[in-house]
Amino acid sequence: MTDQRSARDHVHAWMEKYQAAWASNLPGDIRDLFTEDARYETRPGDPDPWLGRDGIVDRWLAARDEPGDWTFSWQLLGADGDTAFVQGVTTYSAGRPSYDNLWVIRFDDEGRAAAFTEWFMERA
């Protein structure tokens, strides 16, 4: 991600793929998002992070959301080098809580996430 325009375009493309994987829950879609040795933290300093591409797929599927049970809107807050900052809102159906999200995503040279950390809090 060499310049701001290409960084923004890359993050938008990656986020589209992330949402497609979230909706499909297909292992190949999830796997394609991450590096072989990626680290996925469901909170900062996560004592039990999801490690490696296959580990991320396994943990994602164990905690998966079903298609149609959620909507997600987001905006890119910024990008600095290989790191992107995304703010989002996840809204679940059937009376489940909604969440404000902040994601920090660090990419490798091939555009896959090498590290993903999320912060989320229930909306009031």
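The values are calculated or read from the model by the stated rules, or taken from the named source; none is laboratory data. Just so it is clear, the structure is predicted and the values come from calculations on it, not from any experiment. Counting neighbours? That spans all protein chains shown, and the Cβs are built from the backbone with ideal geometry, glycine included.
Go through the residues of segment 55-78 one by one and say whether even a single one is part of a strand (DSSP E or B) and small (Gly, Ala, Ser). Yes: one or more hits. Can you name the residue in segment 69-110 that is closer than 23 Å to residue 7 by Cα and of a type in the set (Ser, Thr, Tyr) and is also surrounded by the fewest Cβ atoms within 10 Å (Cβ to Cβ) among such residues? By that ranking, first place goes to 73.
Note on segment 94-122: residues that are modelled with pLDDT of 95 or more, farther than 27 Å from residue 37 by Cα and outside any strand (DSSP E or B) amount to 2.
If the condition is being under 21 Å from residue 107 (Cβ atoms), acidic (Asp, Glu) and surrounded by fewer than 17 Cβ atoms within 10 Å (Cβ to Cβ), then segment 30-68 contributes 32, 36, 37, 46, 54.
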